[in-house]
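Input: a single structure, listed below in structure tokens.
The values are calculated or read from the model by the stated rules, or taken from the named source; none is laboratory data. As the structure is a computational prediction, the values presented were derived from the model and not from experiment. Note that each Cβ is placed from the backbone with ideal geometry, even for glycine, and that neighbours are counted across all protein chains shown. Please note that ligands, DNA and RNA were not included when accessible areas were found on the heavy atoms of the full protein model with its side chains. Shrake-Rupley method; radii C 1.70, N 1.55, O 1.52, S 1.80 Å.
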Amino acid sequence: MKTTKISFFILSLMLLLVSGLSGWVGNAAAASDSGKTYIIGTDVTFAPFEYEDENGDFVGIDMDLLDAIAKDQNFKYQIKSLGFNAAVQALEANQVDGVIAGMSITDERKAKFDFSDTYFESGVVMGVSANNDTIKSYEDLRGQKVAVKTGTEGFSFAESIASEYGFTIVPFDESYQMYEDVKTGNSVACFEDYPVLAYGVNQNNGLKIVTDKEDGAPYGFAVSKGKNQELLEMFNTGLANIKANGEYKRITETYLGENAPTVANQGRWELIQKSLPALFKGLGNTLLYTIVSLFFAFIIGLIFGFMKVGQNKFLRGVATVFVDIFRGIPLIVLAFFIYFGIPQAMGFTMPLFLAAILTLSLNAGAYVTEIIRGGIQSIDRGQMEAARSLGLPYRKAMIKIVIPQAVRVMIPSFINQMVITLKDTSILSVIGLVELTQSGKIVIARTFSSFDIWLTVAVMYLIVIITLTKIADYLEVKVRRG
């Protein structure tokens, strides 16, 4: 009877999850089929093509071009800032309708995507620290390390000449990470697209350009192969129109012309003050995802935890497999699989919020399962046997005798899991989740002030975690005293 009730409860929960998932999918599909709003993926840190200004708005050449073309062709769009690699994967998984992110048109990419007409001619240059007078050409790189951004034209160019000039490639996901690696001396140089590095030098990023521009692939707007052709046609038509009426020239000169704005010199405190609104917004998202994920993780852990201490071998086996799978897969791999892998394989669009909650809940749920199992099994068997000998049924003995003692044992582990889950939200920035860490990255991409911003982000994490830990400790004492 007990096993039947547990099985019925699990079945009901699975049906709720499936029906909920269907609801999410249905809503996303309806929006996509409407033909009125296109989801466009982009990078988050690729100034002057896309970056976030002090007001929290995404600006840059790509953003302004897309806006001008959308107005010219009368279509609506929604920007999804993911980071370059995540944006490309999202396009492959049909999570977005198109990508505009300073994306070079290469033969390899043409096999997977359809590109628009060229909207910008680029090229690769080499940058070194502004104080470095020893690296002036590729010949000076022999035996040295060179920083590159993965998936970019600079990465491909560095790969093509690495063996010839004898240097080692150090890959990074973001441009600002390359710059910091060069400034700190870990790498002696970096390869970057000319307009991006030239803009960064103009914004006092601490580097200088030491080589002429190499021929590189031009930039284009991309859609999945054979899909969203109407969007591609509108982009090409709109691009031709804004080139003809002068809007294209005005946009590019805004960011690359002689009168392009430069970063005003700001004091340390002034910089932190202006960055706090964006960081607090990211912190709010971190807390929201942590609370919601732990709620579902607790439900999952409760179900599988009781299955692991039950007498049914099949249910114990199912719970063991669940824990082995989700405790054995790294969180970042699980995030990529849920957000990119499953939608690509099954042909639907998964909202970022749902993917993030599923990833964190399943990962934390596996650990909570073990916490509950360990807590229950830590109670001496003699207490259950004594309760049963006094005539108490199994369920009542568990509720009245075993579980209250087990909860006291579990509390420190629950607090530890809460802190781990809160910090794990930062890993989900790889799929575009704008939480506290991702907010810090975006601010640094604009200000090039790694030390000040990362110090502020670290202090914010520290304050929140210490506060939550103290509250949890207080509750633990209250529970222990009954």
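So the values come out like this:
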quantity: Pair list, Cβ < 9 Å and 6+ apart or interchain, from the range 94-111 residues that are closer than 24 Å to Ile338 by Cα and outside any loop (DSSP other than H, G, I, E, B) to residues that are hydroxyl-bearing (Ser, Thr, Tyr) and at pLDDT 85 or above; calculated: Gly98/Tyr38; Gly98/Tyr77; Gly98/Ser116; Gly98/Ser224; Val99/Thr42
quantity: Matching residues, the range 126-181, being without any contact (Cβ under 8 Å) to a residue 12 or more places away in the chain and either aliphatic (A, V, I, L, M) or under 19 Å from Ala217 (Cα atoms) (or both); calculated: Glu159, Ser160
quantity: Checking Gly154 against (1) at pLDDT below 95; (2) over 27 Å from the mean Cα position of the chain (by Cα), the condition it does not meet; calculated: (2)
quantity: Pair list, Cβ < 6 Å and 6+ apart or interchain, from the range 182-194 residues that are among the aromatic types (Phe, Trp, Tyr) to residues that are open to solvent by 10 Å² or more (accessible area, probe 1.4 Å); calculated: Phe191/Phe157; Tyr194/Lys213
quantity: Within the range 181-201, considering residues that are crowded, with 21+ Cβ neighbours inside 10 Å and charged (D, E, K, R), the one farthest from Asp215 (Cα to Cα); calculated: Glu192
quantity: The one condition in (1) over 30 Å from Val434 (Cβ atoms); (2) touching a Lys or Arg at 6+ places or on another chain (Cβ under 9 Å) that Ile379 fails to fulfil; calculated: (2)
quantity: Unmet requirement for Ala93, which otherwise passes all of (1) under 28 Å from the mean Cα position of the chain (by Cα); (2) modelled with pLDDT of 90 or more; (3) open to solvent by less than 30 Å² (accessible area, probe 1.4 Å); calculated: (2)
quantity: Test result for Ile272, loosely packed, with under 15 Cβ neighbours inside 10 Å, of a type in the set (A, V, I, L, M, F, W, C) and in a helix (DSSP H, G or I); calculated: no
quantity: Pairs, first over 16 Å from Asn363 (Cα atoms) and open to solvent by 30 Å² or more (accessible area, probe 1.4 Å) in the range 415-436, second of a type in the set (Phe, Trp, Tyr) and part of a helix (DSSP H, G or I), C-beta under 8 Å, six or more apart; calculated: Val430/Phe336
quantity: Residue in the range 123-143 that is open to solvent by less than 30 Å² (accessible area, probe 1.4 Å), of a type outside the set (Asp, Glu), more than 21 Å from Val182 (Cα to Cα) and at pLDDT below 90 present; calculated: no
quantity: Residue within the range 130-147 that is under 30 Å from Glu233 (Cα atoms) and of a type outside the set (Val, Ile, Thr) present; calculated: no
quantity: Counted residues, the range 440-455 - those being within 14 Å of Leu283 (Cα to Cα), in contact (Cβ under 8 Å) with a residue 24 or more places away in the chain and either open to solvent by 20 Å² or more (accessible area, probe 1.4 Å) or touching a strand residue (DSSP E or B) at 6+ places or on another chain (Cβ under 6 Å) (or both); calculated: 2
quantity: Filter result for Lys76 (out of contact with any strand residue (DSSP E or B) (no Cβ under 7 Å at 6 or more places or on another chain) and surrounded by fewer than 18 Cβ atoms within 10 Å (Cβ to Cβ)); calculated: no
quantity: Scope the range 45-86; condition modelled with pLDDT under 80 and either of a type in the set (Phe, Trp, Tyr) or touching a Lys or Arg at 6+ places or on another chain (Cβ under 7 Å) (or both); matching residues; calculated: Thr45, Glu54
quantity: Near pairs, Cβ below 6 angstrom, 6+ apart or cross-chain, from the range 199-228 (closer than 29 Å to Asp107 by Cα) to any residue that is aromatic (Phe, Trp, Tyr) and part of a loop (DSSP other than H, G, I, E, B); calculated: Tyr219/Tyr119
quantity: Of residues in the range 449-482 being aromatic (Phe, Trp, Tyr) and either at pLDDT below 80 or within 20 Å of the chain's Cα centre (by Cα) (or both), the one nearest to Lys149 (Cα to Cα); calculated: Trp454
quantity: Qualifying residue in the range 204-219 (condition: open to solvent by less than 30 Å² (accessible area, probe 1.4 Å) and part of a strand (DSSP E or B)); calculated: yes
quantity: Condition met for Ser163 (in a loop (DSSP other than H, G, I, E, B) and of a type outside the set (A, V, I, L, M, F, W, C)); calculated: no
quantity: Options Val459, Val402: the member that is of a type in the set (Val, Ile, Thr) and surrounded by 13 or more Cβ atoms within 10 Å (Cβ to Cβ); calculated: Val402
quantity: Residue, nearest to Glu270 (Cα to Cα), within the range 48-65, restricted to residues that are acidic (Asp, Glu) and open to solvent by 10 Å² or more (accessible area, probe 1.4 Å); calculated: Glu54
quantity: Any helices (runs of 4 or more DSSP H) falling wholly within the range 299-371 and containing at least 1 residues that are open to solvent by less than 30 Å² (accessible area, probe 1.4 Å) and under 18 Å from Lys80 (Cβ atoms); calculated: 331-336, 342-346
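Residue-wise test of (1) free of Cβ contacts under 8 Å to residues at least 12 places away in the same chain; (2) not hydrophobic (A, V, I, L, M, F, W, C).
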{"site": "Ile300", "(1), (2)": "no, no"}
{"site": "Lys308", "(1), (2)": "no, yes"}
{"site": "Val321", "(1), (2)": "yes, no"}
{"site": "Gly328", "(1), (2)": "yes, yes"}
{"site": "Leu331", "(1), (2)": "no, no"}
{"site": "Ala335", "(1), (2)": "no, no"}
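Residues are listed down the side, and each one gets a yes or a no for (1) within 25 Å of Ile338 (Cα to Cα); (2) in contact with a Pro (Cβ under 7 Å, 6 or more places away or on another chain); (3) assigned to a helix (DSSP H, G or I):
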site: Met418; (1), (2), (3): yes, no, yes
site: Leu422; (1), (2), (3): yes, no, yes
site: Leu428; (1), (2), (3): yes, no, yes
site: Val434; (1), (2), (3): yes, no, no
site: Ile444; (1), (2), (3): no, no, yes
site: Thr456; (1), (2), (3): no, no, yes
site: Met460; (1), (2), (3): no, no, yes
site: Thr469; (1), (2), (3): no, no, yes
